[in-house]
Protein chains: 2
Amino acid sequence: MNFMTFKVQENKEGFLIEYNSRNLLTHTFSKPAFYVGYGEAEIEMYRGNFKIQDYKISRVPLKHFNIKKDSEKVYIDLYSNDGYSLSLCVKEMEDRLYIEFERSTGTINRYWIRIDADEDEKVYGCGEQMSYFNLRGRNFPLWTSEPGVGRDKSTYITWMADVMGKAGGDYYNTNYPQPTFVSTRKYYCHLESSAYMDFNFKNKYYHELEVWSIPKYIMFETAETFIELVSKISSFFGRQPLLPEWVYNGLILGVQGGTDRALEKMNKALEKGVKLSGLWCQDWQGRKITSFGKRLFWNWKWNPQMYPELDKKIWELKDKGIRFLGYINPYLIKEGDLYKEAYEKGYLATKLNGEDYLVDFGEFYCGIVDFTNPEAFEWYKGVIKKNLIEFGLDGWMADFGEYLPTDCKLYNGVSAEIMHNVWPTIWARCNYEALKETGKLGEILFFMRAGFTGVQRYCTLLWAGDQSVDFSIHDGLVSVIPGALSSGMMGNGLHHSDIGGYTSLFGLKRTKELFLRWAEMAAFTPVMRTHEGNRPDENFQVYDDDGALEHLALMTSVYVKLSPYLKDLVKQNTEEGIPVQRPLFMHYEDDKNTYDIQYQYMYGKDILVAPVYKEGVSRWSVYLPQDEWIHMPTGQEFRGGYVEVDVPFGKPAVFYRRSSEYRDLFEEVTKLFKEMVKDDYGS
Amino acid sequence: MNFMTFKVQENKEGFLIEYNSRNLLTHTFSKPAFYVGYGEAEIEMYRGNFKIQDYKISRVPLKHFNIKKDSEKVYIDLYSNDGYSLSLCVKEMEDRLYIEFERSTGTINRYWIRIDADEDEKVYGCGEQMSYFNLRGRNFPLWTSEPGVGRDKSTYITWMADVMGKAGGDYYNTNYPQPTFVSTRKYYCHLESSAYMDFNFKNKYYHELEVWSIPKYIMFETAETFIELVSKISSFFGRQPLLPEWVYNGLILGVQGGTDRALEKMNKALEKGVKLSGLWCQDWQGRKITSFGKRLFWNWKWNPQMYPELDKKIWELKDKGIRFLGYINPYLIKEGDLYKEAYEKGYLATKLNGEDYLVDFGEFYCGIVDFTNPEAFEWYKGVIKKNLIEFGLDGWMADFGEYLPTDCKLYNGVSAEIMHNVWPTIWARCNYEALKETGKLGEILFFMRAGFTGVQRYCTLLWAGDQSVDFSIHDGLVSVIPGALSSGMMGNGLHHSDIGGYTSLFGLKRTKELFLRWAEMAAFTPVMRTHEGNRPDENFQVYDDDGALEHLALMTSVYVKLSPYLKDLVKQNTEEGIPVQRPLFMHYEDDKNTYDIQYQYMYGKDILVAPVYKEGVSRWSVYLPQDEWIHMPTGQEFRGGYVEVDVPFGKPAVFYRRSSEYRDLFEEVTKLFKEMVKDDYGS
């Protein structure tokens, strides 16, 4: 069978699966690669935060095996002598190696698979991971949920969030998990399942993947470079359309509070020279005050009381080159008329006994549109088409997707525990199809925080979720970078974040400094967008501060000036699936130092960004791979190694490659910096 | 085999072990009672706090079995068809049922055994448990350790303790775990092992016992009443000698700071009418200041600089009827001469590679005397005999015992992971033998917080460890009661606590109110003793407050007045093994309400104590079983049910049975209350 590119080598001790010269799976009698067992899970959800405990009743090694081969496939039966068994089929298809799980016997609902590892191997991915880019040394439960407030058990904020609302989270909590990882052995591995999973990268010589239902397959694909590898990943999972042209006109300004207020803030920003591409009013459908802050009224249509004349203004704005963006999510507030309609049509998920299921979103209750019912899905898509697209919105935050409770009953008859992780992808598809069917793909921009396998194909832009308004490592400004890099490795090449962060709780308040540093980073991401946060009145807002507006004028001008380069990157993403923000090692594979850098990134192949993520800093240390670099704000030249630069406000630690074909453009940006930057943006 | 009182009933589905009409263990093919497997543990110790994680590589049900019987024993072989097996021998011996673990095969270091349970069954014990008396619904890791500061993840104190020193603890952390539980099905079950264990009482129809090494046996003994059952338990594990007669003279006053200061505080208490039996100076061997507070200098002999003339004063005090008590623990500070001697003699535990092992006790470092070396054990016993007993001490706190690191090398060649839990019992035996061999049993009183299986036989008195100086449920005043009741069910009939608590950290300070309430409880325990706490200068001290001294005069007078009754209880403990403090159900078995009461207790069969454990309370609700009760401080009569009484300071919620043979004595106590109680003890 030497025409196969994969080998299943058998000896009396066990077998080895090899693919493109990579040992992927070694099974021996004493170190089996497959375990099966039975667990009883307790899954508790409180406002999107999950407490999941599993009582493992059995975990049985499948030591024995039989191998049969035909011309194209290898069949492996694994078994214990006690009635547990698992049948696999190994085959190659479209340059990918599939290990299909055909069936199992015995009382089994847990599966563990061990993938060969090297001691110095690093792995990345698993969706959008906010705390750690290199996943080695930790385990990562894969379950879409709230990401946590603070996400660090040693901080006061996390502890308070835990005590007050079970909401503190931990390093692995994410809106967007995915059972896919990329190895520095130059392969990626995808486990096709939507059950609860836990990928454990703690062990020296193997990675252990746990899954709570028989998966469809494990798939491997290899490449010779990381660029090629990520291109293959995105080819498999799907790629995003281009960003709409209007995005390159500047910042999407997040404002709330009604037509007059929004326009007033917008005009102030414009007067101060801020380049704007959009005006984003997440409360366009009205709002609700809770103890968390100002929340939205979850009934998705224009609220003419709160936004009088928006139906006219939206077109006037478009004429001025500024697009209007709104908000939607897949839940319906009980008091709204959309809920009533969905309820009457039987489009809402119910309790297992058929009773109404209302989910607590924090002092208000909502129904869940049952997307597994094709009629309900089409109906909701219709809501998007009519209430959002026809009304004239050019974009929206397509929020949430993580709250499917595991104890509800769905139309398609599949357990909600299995559908839970899929929900964000279905939600993305609902938005995507609304765009596609109205011919608006590439013109309308919706952005999501939730995701799962396949979201790449549907979601036009990710946003990093609800960071705390601080400089904390696990939930502040800098957590956005591992989020961008990991989701980028999964084929989501377009990422951005709330400039200034979102969550202000337990005394934490956004400072002006935080806002300025965040804006300096955001100018080197695909999209710039501000958010007022959950408690706008108590937190720093850029439109209240002339200095910050001037700083934002600079950063948005830089963004706009760079747009030819950015457009090229976005095109690469759409055509080749290479993300806009990339880890350093993607372009400097031979430089071992780059593999653990998670707080710097390449913005395309020619720009290196090292955001200042600490408070009160005037100098910043940066690692530059061996190359010729120019500090963009000053024109100062550097070679590789650890260097330091001054980082007053308005002079971010951003470098471009001297040999770039965009050098002329970058020199213009340097000129712009020199012209526009001020010595003082106020304190 | 009808002469056996146990039955092993076999059918084709499985087997059932029955003993004295109780189904103890049901094994079927589909629900096996035995699992074996392999785990890789990570055990980290930081200052006596352990983080223990186990990666369970396998957990295999032993579904198959063979049973062989002879005239006295039943042999059960359990096995999987994959090389895992376990051989048991069931037999009765001295009215106890033993299931002995004879051997196992396969790669195994984890064992799980399921004991039959009823849905409404309750279980108690597992050593000294401070948070929950009824253990049902939770799992209890059994590993001697620091008990935790706060012990409640929702409190600020616990969080701070966790962040600052990994020391917050949780509901199951205890100085004294024991793999023994008592069931309301009127049996107790003991698993003979000292490995890490975890007893899981969460399941409806079984209790699952996990142990990390093959145990020697599981043993069951049954009885018709709880009194009989606890008597059998203590008969098996051993019973305490009587308390010394001098204890009944009053309170043991805890003071520190040298001869003059100690005598001054003692005299002030005596002047105010406080009845004293002892003066306890834990710093008799000198001290050391750390950030935690005033710590002791761990070199166990009189410090004449700090306690000048103590060698004379100790005998003068004895003449006045006041005994002097000191302190010792099984570790030696590196700077002391005892360390030097032990080191030179090779009596200290070492690292696995033979290097010196110094344990961090919080800003100072100590050697561990290797008690598995008989010479070292005898030498340390000699230190106790010479430096403590010969010097004239009449008692001491025999502190610690929980800190044996799992990565040290011991003389007996047994893994420190297996010896860790045994250490407190060996430490107790060292003290016990020093007393016994000098003829001082029943005359000298040492008290310990640490324990394990068998500590009953050696430890003359338990104390409840280091409560926080507050009213918190899991670590304050009231946590002492589940501690007394659970350890009492294990055969430790003598228990007491630091009046006013011990641990003052992170802004927590002892209040006068806490001290008064604690003293009101302590008067109805075997021994009254105060402690200045870890930060004496910052916390309320009774000797600084005239009102509190007057209150203490009342409570110590009550204690002394009640001593004939208490002596009778202590005698019952020594002779019959019935603890002094008992759960209500021990005397009211038919009253279902009593089985979940863990914050009231019987003080012998005739007194019911319901300590006030909340702040700022003037009335207190008490559950009285059906009987005729008299409120001791007032003489007011009650019948059973939920009643309320006024609880001003000096009038605790204590009731006696009208029909008690001690009624005359109790009436005298009521008279004493009425004569001595004041309307106002100051604020």
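Some notes on this structure:
- Residues of the range A:293-351 that turn out to be closer than 19 Å to residue A:395 by Cβ and of a type in the set (Asp, Glu), as a count: 3
- Any pair with Cβ under 8 angstrom, 6 or more apart, that starts in the range B:63-74 at a residue that is away from chain A (no Cβ under 14 Å) and ends at one that is assigned to a loop (DSSP other than H, G, I, E, B): B:69/B:1; B:71/B:1; B:72/B:4
- Every condition in (1) surrounded by fewer than 22 Cβ atoms within 10 Å (Cβ to Cβ); (2) under 23 Å from residue A:534 (Cα atoms); (3) in contact with a strand residue (DSSP E or B) (Cβ under 7 Å, 6 or more places away or on another chain) is met by residue A:343 except one, and the failing one is (2).
- Each residue in the range B:150-165 was checked for being of a type in the set (D, E, K, R) and either outside any loop (DSSP other than H, G, I, E, B) or over 22 Å from the mean Cα position of the chain (by Cα) (or both), and 2 pass.
- Taking the conditions (1) under 31 Å from the mean Cα position of the chain (by Cα); (2) within 14 Å of chain A (Cβ to nearest Cβ) in turn, residue B:127 satisfies each one other than (2).
- Here residue B:386 fulfils each of the conditions (1) touching a helix residue (DSSP H, G or I) at 6+ places or on another chain (Cβ under 9 Å); (2) among the basic types (Lys, Arg); (3) under 27 Å from residue B:321 (Cα atoms); (4) surrounded by fewer than 23 Cβ atoms within 10 Å (Cβ to Cβ) apart from (1).
- Residue within the range B:149-171 that is of a type in the set (A, V, I, L, M, F, W, C), within 14 Å of chain A (Cβ to nearest Cβ), under 23 Å from residue B:62 (Cβ atoms) and surrounded by fewer than 24 Cβ atoms within 10 Å (Cβ to Cβ) present: no
- Residue tally, condition crowded, with 19+ Cβ neighbours inside 10 Å and touching a Lys or Arg at 6+ places or on another chain (Cβ under 8 Å), over the range B:404-419: 2
- Among (1) touching a Lys or Arg at 6+ places or on another chain (Cβ under 7 Å); (2) closer than 27 Å to residue A:405 by Cβ; (3) in a strand (DSSP E or B) - the single one residue A:180 does not satisfy: (1)
- Residues (touching a residue at least 60 places away in the same chain (Cβ under 8 Å) and in a loop (DSSP other than H, G, I, E, B)) located in the range A:668-683: A:677, A:678, A:680, A:681, A:682, A:683
- Taking the range A:635-669 as the range and being under 28 Å from residue A:545 (Cα atoms) and buried (at least 18 other Cβ atoms within 10 Å of the Cβ) as the test, the residues that pass are A:645, A:647, A:649, A:650, A:651, A:652, A:653, A:654, A:669.
- Residue satisfying all of: in the range A:363-381; in contact (Cβ under 8 Å) with a residue 40 or more places away in the chain and more than 26 Å from the chain's Cα centre (by Cα); surrounded by the fewest Cβ atoms within 10 Å (Cβ to Cβ) among these: A:363
- Wholly enclosed strands (runs of 3 or more DSSP E) of the range A:557-667 bearing at least 1 residues hydrophobic (A, V, I, L, M, F, W, C) and more than 28 Å from residue A:234 (Cβ to Cβ): A:619-624, A:629-631, A:641-646
- Subset of the range B:22-42 that is modelled with pLDDT of 95 or more and surrounded by fewer than 13 Cβ atoms within 10 Å (Cβ to Cβ) - its residue that is farthest from residue A:62 (Cα to Cα): B:42
- The criterion of at least 2 residues that are among the acidic types (Asp, Glu) is met by the following helices (runs of 4 or more DSSP H) wholly inside the range B:437-526: B:512-522.
- Filtering the range A:135-148 to residues that are within 14 Å of chain B (Cβ to nearest Cβ) and among the hydrophobic types (A, V, I, L, M, F, W, C) leaves nothing.
- Per this entry, residue B:333 is counted among residues that are touching a residue at least 24 places away in the same chain (Cβ under 8 Å), within 16 Å of residue B:370 (Cα to Cα) and under 28 Å from the mean Cα position of the chain (by Cα).
- Scanning the range B:295-310 for residues that are in contact (Cβ under 8 Å) with a residue 60 or more places away in the chain and part of a strand (DSSP E or B) yields a single hit, B:295.
- As for the range B:138-153, it holds at least one residue that is within 30 Å of residue B:21 (Cβ to Cβ), at pLDDT 95 or above and in contact with a Lys or Arg (Cβ under 7 Å, 6 or more places away or on another chain).
- Hits in the range A:398-442 (condition: more than 24 Å from residue A:280 (Cβ to Cβ), of a type in the set (D, E, K, R) and within 22 Å of the chain's Cα centre (by Cα)): A:417
- Residue that is farthest from the other protein chains (Cβ to nearest Cβ) [pool: residues in the range A:78-90 that are crowded, with 17+ Cβ neighbours inside 10 Å and either touching a Ser or Thr at 6+ places or on another chain (Cβ under 9 Å) or touching a residue at least 60 places away in the same chain (Cβ under 8 Å) (or both)]: A:90
- Scanning the range B:345-353 for any residue that is in contact with a Gly (Cβ under 7 Å, 6 or more places away or on another chain), more than 12 Å from residue B:410 (Cα to Cα), in contact (Cβ under 8 Å) with a residue 12 or more places away in the chain and not hydrophobic (A, V, I, L, M, F, W, C) turns up nothing.
The values are calculated or read from the model by the stated rules, or taken from the named source; none is laboratory data. This is a predicted model, so every value here is computed, not measured. In this analysis, Cβ positions are derived from the backbone assuming ideal geometry, glycine residues included, and neighbour counts consider all displayed protein chains.
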